[in-house]
Amino acid sequence: MTFADPILLLALLLIPIAVVGYVLVQRRRERYVVRFTNVSLLENLVPRRPAWRRHVPVALYLAAVAALAIALARPSMVVPVPREEATVILTMDTSRSMIATDVDPNRLAAAKQAATEFVDSLPAGFKVGLVAFSTEARVVLSPTADRTQVHEAIDGLRADGGTALGDAIDLSLQAAGVGTGTPADPAVGNTGSPAPSASADPSAEPGPSGAPAPSAGTDDKGTPLTAMVVLSDGKSSTGQLDPLDAADEAAQAGVPVYTIALGTADGQVEVTDQFGQAQTIPVPPDPTTLADIAERTGARFFEAPTSSDLQAIYQGIGSKVGFTNEEREVTQWFAAGALVLVLAGAGLAAFWFNRIP
């Protein structure tokens, strides 16, 4: 905590002075009581001694004085402030294994519901993009602040194909305007507008002093302005880019990649082979790779075996992305605290002793 006028903190010296004065007054009262020679009669007149309660209102008043003294010095401290502008890319697995029912009602439905609630929890100024991936990655929706479009894009996801996790991360960076890689044609399967390439991003140019500018995914203080949420339930089975290489690219761009492993080790799906025979295939999640991706990008990895866990995870991610630490003056907090202490002291004095000291 810092102070704009620290010299005014000298007013806190009034507290020990007041304490000494209060102690002297209490001792004077005790000497006066001793002069009353008929002690038995005194006990009948005052059957109950207030004991410690008589000191509480005074302590609250002194605490109020201390709070006011601190307020006079105009304190400032680092507090979380809602960020008004940022970009969040939802990167959702739509491979065939997402139809597994080990998460009620199935993995994809649970993911879509949680993603919708997460989007609704973000500040209105946030832009949200959606990248879906199965055998290929595709930009379903370029970053937009229009929540209706985001909801419709999430609702339209369908499960089929394999899992191109590495290409999905790389394409998500491009959708946010911070990607540098070149996976297989990012426009393949694109139902939205492709994001601008990283080379067009002015933040990639050197600063006027010749020093490199901040990473495209961060502000001038290094705080992430872009975040990615990857939800996948299986191992990467296709695509041109290895998931960990894509994670290194995200780390270089300053974009944290939060990863969520959806499903349980007992998850299974039924598929029809080339001969028309139904087969049951196990589809366990791949927590190891997803954890490595999150660690390399300075984010967090979550395991979410239930839809309720997914909702809590998305809410937690939203609180981390949605706030930044800034130094703000908090004079009003101490002034309000002083007012509460004065009212509490007066109220207790009136309730216990029928008077306000």
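Structure values in brief
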| read-out | value |
| --- | --- |
| Close pairs from region 149-175: first farther than 17 Å from THR297 by Cα, partner assigned to a loop (DSSP other than H, G, I, E, B) and among the acidic types (Asp, Glu), Cβ under 9 Å, at least 6 apart | GLY161/GLU136; GLY162/GLU136; THR163/ASP233; THR163/ASP286; ALA164/GLU136 |
| Selected residue (criterion: nearest to LEU68 (Cα to Cα)) from residues of region 312-348 that are of a type in the set (Gly, Ala, Ser), under 25 Å from the mean Cα position of the chain (by Cα) and surrounded by fewer than 16 Cβ atoms within 10 Å (Cβ to Cβ) | SER319 |
| Residues of region 154-175 satisfying the condition of being in contact with a strand residue (DSSP E or B) (Cβ under 6 Å, 6 or more places away or on another chain) and under 21 Å from GLU85 (Cα atoms) | SER172, ALA175 |
| Top-ranked residue in region 122-147 [being outside any strand (DSSP E or B) and modelled with pLDDT of 90 or more; ranked as nearest to ASP170 (Cα to Cα)] | GLU136 |
| Only listed residue being in a strand (DSSP E or B) and either assigned by TED's automatic domain parsing to the domain that holds LEU10 or not basic (Lys, Arg) (or both), chosen from VAL150, VAL119, VAL81 | VAL81 |
| Residues being of a type in the set (Gly, Ala, Ser) and part of a strand (DSSP E or B) - total across region 235-274 | 1 |
| Number of the condition not met by GLY298 [criteria: (1) at pLDDT 85 or above; (2) over 14 Å from ALA114 (Cβ atoms); (3) outside any loop (DSSP other than H, G, I, E, B)] | (3) |
| In region 84-100, residue surrounded by the fewest Cβ atoms within 10 Å (Cβ to Cβ) [restricted to those that are in contact (Cβ under 8 Å) with a residue 60 or more places away in the chain and in a loop (DSSP other than H, G, I, E, B)] | GLU85 |
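To keep it simple, each residue is scored yes or no on (1) at pLDDT below 80; (2) not hydrophobic (A, V, I, L, M, F, W, C).
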site: ALA216; (1), (2): yes, no
site: LYS221; (1), (2): yes, yes
site: PRO224; (1), (2): yes, yes
site: VAL229; (1), (2): no, no
site: LEU244; (1), (2): no, no
site: ILE260; (1), (2): no, no
site: ASP266; (1), (2): no, yes
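Residues checked against (1) closer than 21 Å to LEU225 by Cβ; (2) among the acidic types (Asp, Glu):
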| site | (1), (2) |
| --- | --- |
| GLU303 | no, yes |
| ASP309 | no, yes |
| TYR314 | yes, no |
| ILE317 | yes, no |
| VAL321 | yes, no |
| GLU326 | yes, yes |
| GLY345 | no, no |
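The values are calculated or read from the model by the stated rules, or taken from the named source; none is laboratory data. Note that this is a predicted model, so its numbers are computed, not measured. Glycine gets a Cβ as well: all are built from the backbone with ideal geometry, and neighbour counts include every protein chain shown.
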